[in-house]
Amino acid sequence: MRNALVGLGLGLLLGSASWGSAVTLTVDCGAGSGYELCQQGVNRWARQTSNSAKFFESPNNSGDHLGVIQQQLAAKSSDIDVYLLDIVWPGLLVDQLVNLTGKVPAAEVNRHFRGIVDANTVDGKLVSLPWFTDAGLLYYRTDLLKKYGYASAPKTWAELTAMAQKVQAGERKTNAQFAGYVWQGKNYEGLTCDALEWISSFGGGAIVDAGGKVTIDNAKAAAALDMAASWINTISPKGVTTYGEEEARGIFQSGNALFMRNWPYAWANGQSDDSKVKGKIAVAPLPSGGGKAAAALGGWNMGVNLYSKNQEAAISLIRYMTGPAEQKIRAVEGSYNPTIQTLYRDKDIIAKNPFMGQLESVFTGAVARPSGPTKAKYNQVSQAFANSVTSVLTGKVKGQAAVSKLAADLSRIKGRGW
């Protein structure tokens, strides 16, 4: 099947190397389990274009990865031609990446989910192309919903709360550790994602709007935070304020929770042979708080170093790597979520990853963190937001006081502009 996939659309993208003589590109292929798949894709492009490639294996920690990129770009180094970029980095690196607007056909850009393209666009500049994506999902125990008389997953946070209370009360008769709902409550970037989902689903905005205006100080945002605080020590363990993705997954996968918020990666783990919930779980969009259900946008993208000496070849490479043929291979062989909307209806992908068929609507409506409008100050914004949310979750303040103080803090961070 792979040969058929590789043949999809290569004539349009590749042909012969239009930039002249053959070149050698150095490509940041990330780290971990996806490194080899990235290498394989780059090498397919190299063979088709009679070019060659070298590879950079970045640190596995996202913050360290960003630090390496920033160090190299600050030195105007041309050592690496193509970088892998987290979805929240384009605003930080916009001035040192090639502007792809006009260099990549609009038809290619438009086949990706709109929200992901928007997150890769800063001040009208498209600085990276979507490679694979993530968005927050609700995982749930199908056997327990059936046991307690529920026909489907909750559509609202109020429904989730009521269902979690009922099932938790019943299950604790035989399992004192059972929790209704686990999620990411630790003070870190994961909490920014979870809390953005709550607030957006209540109609409370996205902290800072696309125009750079601080919008967090509103009653709906406050209500969303108060709701989350009400879960702690009721349907969620008191220790949830120390949980990251893996802590939540460990509890859910061991059979000790009804609902879990996590990223798509948790599906494969939950279906592994050592999982106590194998065959008993499903995924659904996260609930709504009265507005439109929202999932925080994650994922990785490919951009071209502004100081690369091989920009045309590098652009050809990222067009190929982010195109449908490679995205399909990665979905089938590595369970990476495509950024191209039509692939969520591809029979080969669905056969290998049944849950992906349920995700198209999630990614269509995914909400981006405000990294684009806040640019180089995004990390400060995210930390201030997470600190504020933590103050509500730990009972130090109520939601309205927290968002009012946060708005003042963000205005100070913004200063004369982002």
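The values are calculated or read from the model by the stated rules, or taken from the named source; none is laboratory data. Because the structure is predicted, anything quoted here is derived from the model rather than measured. Cβ: placed from backbone, ideal geometry, glycine included. Neighbour counts: every protein chain shown. All accessible areas refer to the heavy atoms of the entire protein, side chains included, with ligands and DNA or RNA removed. Shrake-Rupley method; radii C 1.70, N 1.55, O 1.52, S 1.80 Å.
Once you compute Rg and the Kirkwood Rh from C-alpha atoms, what is the Rg to Rh ratio for region 63-114?
My calculation puts Rg/Rh at 1.01.
Starting from the alpha-carbon convex hull of the chain, give the projected area averaged over all orientations, in nm².
Result: a mean projected hull area of 19.7 nm².
How much of the accessible area of the chain, probe 1.4 Å, is carbon plus sulfur, in whole percent?
Solvent-exposed carbon and sulfur of the chain make up 51 percent of the total.
In the chain, which cysteines lack any other cysteine Cβ under 4.7 Å from their own?
193
Please compute the Kirkwood hydrodynamic radius over region 266-308, one decimal place, Å, based on all pairs of different Cα atoms.
About 14.4 Å, per the Kirkwood formula over Cα pairs.
Using 18 Å as the Cα-Cα cut-off, could you pick out the over-long pairs in 375/414; 309/375; 220/414? It would help to have the intermediate numbers written out before the result.
Numbers: 375/414 10 Å; 309/375 26 Å; 220/414 23 Å.
The answer is 309/375; 220/414.
Mind checking which lysines have their Cα closer than 19 Å to the Cα of residue 146? Skip sequence neighbours fewer than 8 apart in that chain.
155, 166, 173, 276, 278, 280
Using only the alpha-carbon atoms of region 315-358, report the extent along each of the three principal axes, biggest first, to the nearest angstrom.
33, 18, 13
Suppose R0 equals 60 Å. What FRET efficiency, 1/(1 + (r/R0)^6) with r the Cβ-Cβ distance, do residue 408 and residue 103 give to the nearest 0.05?
E between residue 408 and residue 103, to the nearest 0.05, is 0.90.
Which value results for Rg/Rh of region 32-102 when Rg is the Cα radius of gyration and Rh the Kirkwood radius based on the inverse mean 1/r?
With Rh from the inverse mean 1/r over Cα pairs, Rg/Rh is 0.97.
Return one quarter of the surface area of the convex hull spanned by the alpha-carbon atoms of region 94-201, equal to its mean projected area, in nm².
In nm², the orientation-averaged hull projection of region 94-201 is 10.2.
Work out the FRET efficiency for residue 78 and residue 348 from their Cβ-Cβ distance, taking R0 = 41 Å, and round it to the nearest 0.05.
Details: r = 39 Å, r/R0 = 0.94.
Efficiency computed from Cβ-Cβ geometry: 0.60.
Contour minus end-to-end for residue 273 and residue 123, with contour as 0.36 nm per residue of separation and end-to-end as the Cα-Cα distance? Kindly include the intermediate steps, with their values, before the conclusion.
Numbers: separation 150, 0.36 × 150 = 54.00 nm, distance 4.72 nm.
This chain segment gains 49.3 nm when fully extended.
Points 7 angstrom from Cα along the Cβ direction at residue 358 and residue 146: gap in nanometres?
The answer from the label model is 1.4 nm.
Rg to Rh for region 214-266: what is it, with Cα atoms only and Rh by Kirkwood?
Working: Rg = 13.5 Å, Rh = 12.7 Å.
For region 214-266, the value is 1.06.
Would you be so kind as to identify which of 262, 180, 349 lies farthest towards the positive end of the dipole of the chain, taking Lys and Arg as +1 and Asp and Glu as -1 on Cβ and the Cα centre as origin?
Projecting each Cα onto the dipole axis, the largest value belongs to 180.
Taking the convex hull of the Cα atoms, report for region 270-418 its projected area averaged over all directions, in nm².
Numbers: hull surface 55.1 nm².
Projected over every direction and averaged, the Cα hull of region 270-418 covers 13.8 nm².
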